[in-house]
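Only one structure is covered here, and it is reproduced in the block below.
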Amino acid sequence: MKKKMSKKMWGGRFKKPVDKAFAEFSKSIQYDYRLAEYDIYHSLIHVDALHREGVITKGERGKLLEALGDILYEIKKGRFKFTAAAEDIHTDIQNKVEKKVGTLALKLHSLRSRNDQIVFDEKFYCIDEGQKLLNLLSEVLQSLLWLSKKNKNKLIVGYTHLQRAQIIPFSDYSMAFFYMLKRDFDRIANFLGTLCPALGAGALAGTPLRRGAYRKALDKMLKLKARSFSLDQCLVKNPLDTVSERDFIVELLSALAILQMHLSRFAEDLILYSTKEFNYINLPEDFCTGSSLMPHKKNPDFLELVRGYTGRIYGNLLSLLATLKGLPLAYNRDMQLDKEPLFSSVEVIKDELKIMARFIRGISLNTNQINKAFEDEGLYATELAEFLAMEKKMPFKKAHDLVGKLIRYSEDKKIKIRNMPDSMLSKFHPGLTAQVIKRVMNPHYVIKVKKSISRKLPTFKK
Ligand code: ARG
């Protein structure tokens, strides 16, 4: 006997059964099973609206809600098993309800379309997963604050063009990543504030159920879930737009691409600073790997993978943008392909953040090596020029030129500026003495004279 295909949600007008290979090709159940919980929410609201409008009786409503509740319970317990033969999650749940309540289940799909269901499900997914992303991101932000506080009085070399530039407090460095990621946090939080799942779009033209019924049903469900949305925003204003709207996914994928860009920059810096060449920081051993051949290796694989995943996360955004380009109104099956990029970005970034929060707490500074770098006199050149401009009232361009010449002289004569006698220094400027050099070419001096920045560490609570 031929293997029975799962029951479809359409088919009345077809004489021929669907081609097997095509059926496989068109399925989304293997990834959209992740939406099961939200699909149930859609049905719970829908059943309530159907009853309010007299499409189903109170008894039928009760039976359907019970069946849906049972499936939701399975999902919540992590025991839900999707049927691989089903076309998608909507079909699967419909069939599961039918198994529980028989033909009454055929009323479940009255006056609604999967086109409208899928947008609702995806919005709810974004709301839930977005919140999880925020929680994880806030752990990373806490860790960065912790690292900055722990090394409050430590200094480090700051770079521009990856060339040594000026000495900076380590916390300025670590907090730079805090502020980047804090903007990502705000970006995602703002995005979540705009999301509102809507019902009643039908396939593209609306449904015979009154707005008020959807509104009341939605309100009831949201109260049960302790969610607050602006209900007006949740009403369908234009059904064509509602069923073909995917910009909210593009928006989340964009926010995640920016977040990933920041994570990759952080990863790259840590990789670089932990090399023997820089050697400013030590990475936590429990997040590094060794080499099967070279016994001495301690490789920063976690950071490399974070850097590497950037390709995937950018690709997910581009993939969806390209899929949506030029699509005619309203729903098109192309849109089914929005899910894998969405799930992939959300899942990869959640994993990265989970590990990153703990990774950061394992970073330690290699103060000896950092202090060795501070012997480089070039690191004080800017402050020396600023000293001449501020205290000796020299035009800065001249001071800049003078310090440049002093450094050149020191290199040519192979004598450190710190070791030059007053007689040699005064040739450059009468105000330059060994004592001045000693005062200015000091890591703590260069930090003390910077007055333009408020360095108070922010408090961050999610
Ligand atoms: N699996 C479909 C998707 O994700 C659900 C919507 C199907 N609608 C349709 N008219 N075939 O887009």
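Bear in mind that the values in this text are calculations on the coordinates, not laboratory data. These numbers were taken from a predicted model, which means no experiment stands behind them. Glycine gets a Cβ as well: all are built from the backbone with ideal geometry, and neighbour counts include every protein chain shown.
Worth pointing out:
- Theoretical FRET efficiency, 1/(1+(r/R0)^6), r = Cβ-Cβ of GLU304 and LYS58, R0 51 Å, to 0.05: 0.25
- Electrostatic tally near LYS298: other residues with Cβ closer than 12 Å to its Cβ, Lys and Arg +1, Asp and Glu -1, net -1.
- Shown is the FRET efficiency for THR367 and LYS81, computed with R0 = 60 Å from the Cβ-Cβ distance and rounded to the nearest 0.05: 0.60.
- Rounded to whole Hz, the Karplus (6.51, -1.76, 1.60) HN-Hα couplings of the stretch 38-51, x for glycine and proline: 6, 5, 5, 4, 4, 5, 4, 5, 4, 4, 4, 5, 4, 5
- Where only DSSP H runs of four or more residues are counted, the chain gives -19000 deg cm²/dmol as its mean residue ellipticity at 222 nm, each run worth -39500 (n - 2.57).
- If the chain linking LEU65 and ARG13 were pulled fully straight, counting 0.36 nm for each residue of separation and taking away their Cα-Cα distance, it would gain 15.7 nm.
- For peptides 208-214, 388-394, 326-332, 138-144, sequence by mean Cβ density within 10 Å, most packed first: 138-144, 208-214, 388-394, 326-332
- In nm, spacing of pseudo-spin labels at LYS416 and VAL250 (7 Å Cα→C-beta vector): 5.9 nm
- Tensor-based shape of the stretch 12-98 (alpha-carbon gyration tensor, a/c under 1.5 rounded, otherwise prolate or oblate): oblate
- Stokes-Einstein translational diffusion, the stretch 346-462 - Kirkwood Rh over all Cα pairs, 0.692 mPa s, 37 °C, in µm²/s: 189 µm²/s
- Cβ-derived FRET efficiency at R0 45 Å, LYS216 paired with PHE22, nearest 0.05: 0.65
- The stretch 16-52 and the stretch 135-164 have Cα centres spaced 46 Å apart.
- For the chain, averaging the sequence separation of C-alpha pairs within contact (under 8 Å, six or more residues apart) and dividing by the residue count gives a relative contact order of 16 percent.
- Dividing the radius of gyration of the alpha carbons in the stretch 286-413 by their Kirkwood radius gives 1.27 for Rg/Rh.
- Charged neighbours of LEU329, selected by a Cβ distance under 13 Å, balance to -2 (K, R count +1; D, E count -1).
- Label positions at LYS350 and TYR445, each projected 7 Å from the Cα along the C-beta direction, are separated by 5.4 nm.
- Cα centroid separation - the stretch 187-213 against the stretch 109-134, whole Å: 10 Å
- If the chain linking LEU272 and GLU98 were pulled fully straight, counting 0.36 nm for each residue of separation and taking away their Cα-Cα distance, it would gain 56.8 nm.
- J(HN,Hα) series, the stretch 204-214, from Karplus relation 6.51 cos²θ - 1.76 cosθ + 1.60, nearest Hz, glycine and proline x: 5, 10, x, 9, x, 7, 6, 3, x, 5, 4
- Nonlocal amide H pairs with ILE156, under 5 Å, H built at 1.01 Å: ILE168, PHE170
- Summed residue charge, Cβ within 13 Å of VAL101's Cβ, Lys/Arg positive, Asp/Glu negative: +2
- Ranking SER345, SER364, GLN166 by Cα position along the charge dipole of the chain, where only Lys, Arg, Asp and Glu carry charges on their C-beta atoms, puts SER364 farthest toward the positive end.
- Equivalent-ellipsoid semi-axes for the chain (Cα gyration tensor, √(5λ), whole Å, largest first): 63, 23, 19.
- Here the spin labels are modelled as points 7 Å beyond Cα on the Cα-Cβ line, and at PHE428 and LYS225 they lie 6.7 nm apart.
- Taking amide H atoms as placed 1.01 Å from N in the peptide plane, the amide H of SER364 lies under 5 Å from those of ASN282, each 5 or more residues away in sequence or on another chain.
- Using C-alpha pairs below 8 Å separated by at least 6 residues, the relative contact order for the stretch 1-116 is 37 percent.
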